[in-house]
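Q: The structure follows.
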Amino acid sequence: MSEATDLRLRSPRTRALAVVFAAGAVGCMADAGPGAVPLAEVRDSAGITIVENPALGAEVDLGWSLDSVPLLDVGTLEGPPETQLYRVVDAQRLSDGGVAVLNAGTAEVRIFSADGRHRATLGRRGGGPGEFMAPGGLHPWSGDSLAVWDARGRRITVFGPDGSMGRILSLPMTDGGLPRTLSHRLPGGELAALSFDLLGDAPQNGYRRVPVQVEHLDAEGRPVADLGTVPGNETLMTIAGERVSLINLPFARRFVVAPHGAETLVAPTDRLELRFFGTEGDLVRIVRVAQPPRLTTDEDRRAELERRLANAPEESHPALRTSFREHPGSDTLPAFVAVLDDALGDTWVRTFRSPADTGPDRWIVLRQDGTARGVVSLPAPIDVFEIGADWILGGWTDDLDVERVRMWRLRRDDAMRMGPRG
């Protein structure tokens, strides 16, 4: 690394502001009038808060928007190698306005200043200290440090605020011999981890959702709380001898595990129902949005097949077409694909987008209490990594198929964002 690098993060995952909104015993609604968010029902069930939001249509769009010119634009077609991005899987904003970019194609973390200049590179491909075999995520850590999760090595490498390599933590196997995967770090230092029971329950050929156990571990990787098991990604399993293959089905139902302040959110994507667990593994809140299921159309399937063909070598096209005919996927589409907290503590839920869809991406924004604030439309396709109070950091692929990481100014309607409730 050529110079000292400030890696201090300004992340909503660890520093959500204390913006608290009161909710009545049976729910309340925003300012009455055109565009008001419909009434949400809030009730208690055996100590668990249940929030039932009605369906949200275009009439409750908050009108928030992104500036057309980004604040920061990283990624080039023909620039120096360190500015050419390939398989960006994550990015985090730094306290000086720059960004840390996890470039999985080269197994590196690249640090860029607020004006887009490359400042330093952390790590490289390999299995030694400070090296990564399959980097899967960037995570804010204690003391303004930054951590990289290596999925293949099952270890966490922590870099200090100056870019120096700190500790390395390996996650232990479960008692049943399953490897653990890091999901995120909680503000108190606990780690949320996942384990996939791929071969449990006498697996057979056919459709399968691999069960996923969600746990909280202490700062040293020891289990402290079991959050239960969630249905995993929907796949087609084929077993031939000792070889097990999983086929990614069209429009597969998946699952999301994400941080929410000191809580962990767990949710399959079958319907819009989010479950929030405390650090001790107790279920504290269930939030639902009555979004009606969306039927899968022939146009959806054609568009998905064309998308996959465009990203696959030509020699595999016949087999891919046959697979689509035999396994066309579910009759309904998933409800959502991602959940992310912003710096004000609101939860953004990205609804599912079919390859046949046109227009912007649709995000449902929920307050800290689970009641709906409204809907935000963002230009597609942005792979959102982080949402600040007045900015959004995301991945973008331009018309020349060049990967970029960009930060845009987020324009909020403050009157609606902070409007009275109930």
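Q: Exactly one condition in (1) among the aliphatic types (A, V, I, L, M); (2) at pLDDT 95 or above; (3) open to solvent by 10 Å² or more (accessible area, probe 1.4 Å) is false for I156; which is it?
A: In the conditions (1) among the aliphatic types (A, V, I, L, M); (2) at pLDDT 95 or above; (3) open to solvent by 10 Å² or more (accessible area, probe 1.4 Å), I156 misses (3) alone.
Q: Within the range 34-73, track down each residue that is β-branched (V, I, T) and either outside any helix (DSSP H, G or I) or exposed (fewer than 15 other Cβ atoms within 10 Å of the Cβ) (or both).
A: As a first pass, look at the range 34-73 and keep what is β-branched (V, I, T): 37, 42, 48-51, 60, 69.
V37, V42, I48, T49, I50, V51, V69 - these are the residues of the range 34-73 that are β-branched (V, I, T) and either outside any helix (DSSP H, G or I) or exposed (fewer than 15 other Cβ atoms within 10 Å of the Cβ) (or both).
Q: Checking the conditions here, which among V74, V51, V101 is in contact (Cβ under 8 Å) with a residue 24 or more places away in the chain, farther than 26 Å from T351 by Cα and touching a Lys or Arg at 6+ places or on another chain (Cβ under 8 Å)? It would help to see each step written out before you state the result.
A: On the way: V51 fails: farther than 26 Å from T351 by Cα; V101 fails: farther than 26 Å from T351 by Cα.
Checking each option against the conditions leaves just V74.
Q: Report yes if some residue within the range 217-230 is under 18 Å from R154 (Cβ atoms), assigned to a strand (DSSP E or B) and open to solvent by less than 60 Å² (accessible area, probe 1.4 Å); otherwise report no. Before the answer, list the steps.
A: Going residue by residue through the range 217-230, those that are under 18 Å from R154 (Cβ atoms) are 217-223.
With the extra rule that they be assigned to a strand (DSSP E or B), the set shrinks to 217, 223.
This time we only want the ones that are open to solvent by less than 60 Å² (accessible area, probe 1.4 Å), so: 217.
Yes - at least one qualifying residue is present in the range 217-230.
Q: Might you check whether a residue that is open to solvent by 20 Å² or more (accessible area, probe 1.4 Å) and in a strand (DSSP E or B) occurs anywhere in the range 304-323?
A: From the range 304-323, those open to solvent by 20 Å² or more (accessible area, probe 1.4 Å) are 305-308, 310-323; that's our starting set.
Pick out the ones that are also in a strand (DSSP E or B) and you get none.
Scanning the range 304-323 turns up no residue that is open to solvent by 20 Å² or more (accessible area, probe 1.4 Å) and in a strand (DSSP E or B).
Q: Here's a check for you: in the range 329-363, which residue that is touching a residue at least 24 places away in the same chain (Cβ under 8 Å) and in contact with a helix residue (DSSP H, G or I) (Cβ under 9 Å, 6 or more places away or on another chain) is nearest to I247 (Cα to Cα)?
A: Here is the first cut: in the range 329-363, the residues touching a residue at least 24 places away in the same chain (Cβ under 8 Å) are 329-356.
In the following step, the residues that additionally are in contact with a helix residue (DSSP H, G or I) (Cβ under 9 Å, 6 or more places away or on another chain) were identified as 329, 333, 344, 346, 354-356.
Working: G329: 11, L333: 18, L344: 39, D346: 35, S354: 19, P355: 19, A356: 22 Å.
Applying the filter and picking the extreme gives G329.
Q: In this structure, is H184 more than 25 Å from A104 (Cβ to Cβ) and at pLDDT 95 or above? Full working, then the answer.
A: Details: more than 25 Å from A104 (Cβ to Cβ): no; at pLDDT 95 or above: yes.
Answer is no for this residue.
Residue-wise test of (1) over 15 Å from the mean Cα position of the chain (by Cα); (2) open to solvent by 10 Å² or more (accessible area, probe 1.4 Å); (3) within 23 Å of H327 (Cβ to Cβ); (4) of a type in the set (S, T, N, Q).
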{"position": "L246", "(1), (2), (3), (4)": "yes, yes, yes, no"}
{"position": "P259", "(1), (2), (3), (4)": "no, yes, no, no"}
{"position": "R275", "(1), (2), (3), (4)": "yes, yes, no, no"}
{"position": "G281", "(1), (2), (3), (4)": "yes, yes, no, no"}
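Q: Mind counting the residues in the range 149-188 that are over 21 Å from the mean Cα position of the chain (by Cα) and outside any loop (DSSP other than H, G, I, E, B)?
A: Summing the residues that are over 21 Å from the mean Cα position of the chain (by Cα) and outside any loop (DSSP other than H, G, I, E, B) in the range 149-188 gives 7.
Q: Identify, please: which residue in the range 202-216 is part of a strand (DSSP E or B) and over 23 Å from T174 (Cα atoms) and is, among those, modelled with the lowest pLDDT?
A: Residues of the range 202-216 that are part of a strand (DSSP E or B), as a first pass: 206-216.
This time we only want the ones that are over 23 Å from T174 (Cα atoms), so: 206-207.
Working: G206: 82, Y207: 86.
Here the answer is G206.
Q: Name every residue in the range 121-148 that is part of a loop (DSSP other than H, G, I, E, B) and surrounded by fewer than 18 Cβ atoms within 10 Å (Cβ to Cβ), in order of residue number.
A: Taking the range 121-148 and keeping what is part of a loop (DSSP other than H, G, I, E, B), we get 123, 126-130, 133-134, 141, 145.
Selection gives G126, G127, G128, P129, G130, M133, A134.
Q: Evaluate the range 106-120: report whether one residue or more is within 22 Å of the chain's Cα centre (by Cα), open to solvent by 10 Å² or more (accessible area, probe 1.4 Å), among the aliphatic types (A, V, I, L, M) and under 24 Å from V384 (Cβ atoms).
A: no
The values are calculated or read from the model by the stated rules, or taken from the named source; none is laboratory data. What you see is a predicted model; the values in this text were computed from it and never measured. Backbone-built Cβ (ideal geometry, glycine too); neighbour counts: all protein chains shown. To get the accessible areas, we keep the full protein, side chains included, count just its heavy atoms, and leave off ligands, DNA and RNA. Shrake-Rupley method; radii C 1.70, N 1.55, O 1.52, S 1.80 Å.
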